[in-house]
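The values are calculated or read from the model by the stated rules, or taken from the named source; none is laboratory data. Just so we're clear, the structure is a prediction, and the values are computed from it rather than from any experiment. Glycine gets a Cβ as well: all are built from the backbone with ideal geometry, and neighbour counts include every protein chain shown. Each accessible area value is taken on the protein alone, full model and side chains, heavy atoms only, with ligands, DNA and RNA left out. Shrake-Rupley method; radii C 1.70, N 1.55, O 1.52, S 1.80 Å.
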Amino acid sequence: MENCLFCIIVKGEVPSEKVYEDDKVLAFKDINPATPIHVLVIPKKHYENVLDVKEEDKEIIADIFQAINKIAEKLGVEKDGFRIISNCGKDAGQEVMHLHFHFLAGGKMGPKII
Ligand code: AMP
Ligand code: ZN
């Protein structure tokens, strides 16, 4: 989608620090990390957010979670753990309207996610 930052990153027209890539999924470091390891995992195809993933698109979620498995192993955090967050819409403060999952790791996190 034109004018979508993450679509532009997928095209390689804005640089990103890639952590993982396959034909459907891209993961890159968040520019403003909230934790020592903060990666954004996105589908290469544009979806606005979770609500935009319809029945016919549901496999992309499995693809993303398979990628997350590989990323956890690649970054060596599969034993210590990590947190996955997807902000959806206004109340969650979604800033970039391209479906993404925050992969947070690298130290003990607080007990709450709000
Ligand atoms: P959200 O608030 O869930 O929409 O998260 C958007 C995330 O994208 C934020 O954590 C930003 O720091 C991150 N972000 C924005 N621009 C870039 C960029 N060019 N490269 C990497 N991460 C970015
Ligand atoms: Zn997009």
Note to self: Let me spell out the model: positive unit charges on the Cβ of Lys and Arg, negative unit charges on the Cβ of Asp and Glu, origin at the Cα centre of the chain. What dipole size does that give, in debye rounded to 20?
What the structure shows: 440 debye
Notebook entry, point to check: How far apart, in nm, are two points set 7 Å out from the Cα along the Cα-to-Cβ line at Lys18 and at Ala92?
Noted result: 2.7 nm
Checklist line | Carbon + sulfur, % of accessible area of segment 13-60 - ligands and nucleic acids excluded, 1.4 Å | finding: 52 percent
Next item on the list: Any chance you could run the full-extension gain for Asn69 through Lys11? It's 0.36 nm times the residue separation minus the Cα-Cα distance, nm to one decimal.
Entry: 18.5 nm
Next item on the list: Specify the angular offset, from 0 to 90 degrees and rounded to the nearest 10, of the alpha carbon long axis of helix 59-74 from the longest principal axis of the alpha carbons in the chain.
Entry: 30 degrees
Next item on the list: Enumerate lysine pairs in segment 70-114 that are 8 or more residues apart or on different chains, then count those whose Cα atoms are under 20 Å apart.
Entry: 4
Next item on the list: Could you provide, to the nearest whole Å², the per residue accessible area of the chain with probe 1.4 Å?
Entry: 65 Å²
Check: Taking segment 16-92, which trypsin sites (Lys or Arg not before Pro) meet the DSSP loop condition and have no more than 12 other C-beta atoms within 10 Å?
Finding: Lys54, Lys58, Lys79, Lys90
Checklist line | Lys/Arg +1, Asp/Glu -1 at C-beta; the chain dipole; positive extreme among Val39, Val50, Ala105 | finding: Ala105
Notebook entry, point to check: Accessible surface of Tyr47 in the full protein assembly, 1.4 angstrom probe, to the nearest 10 Å²?
Noted result: 20 Å²
Check: the chain: longest stretch without exposed GluC sites (Glu not before Pro) (DSSP loop, at most 11 other Cβ within 10 Å), sites themselves excluded?
Finding: 18-94
Notebook entry, point to check: Could you give the nm distance between label points at Ala34 and Asn3, where each point is 7 Å from its Cα heading toward the beta carbon?
Noted result: 2.7 nm
Check: Which far-off residues, 5 or more places away or on another chain, put their amide H under 5 Å from the one on Leu26, with H placed in the peptide plane?
Finding: Ile42, Lys44
Note to self: If every alpha-carbon in the chain counts as one equal scatterer, what log10 I(q)/I(0) does Debye give at q = 0.20, 0.21 1/Å?
What the structure shows: -1.16, -1.28
Item checked: Surface accessible to a 1.4 Å probe, Asp57 within the full protein complex, Å² -> 30 Å²
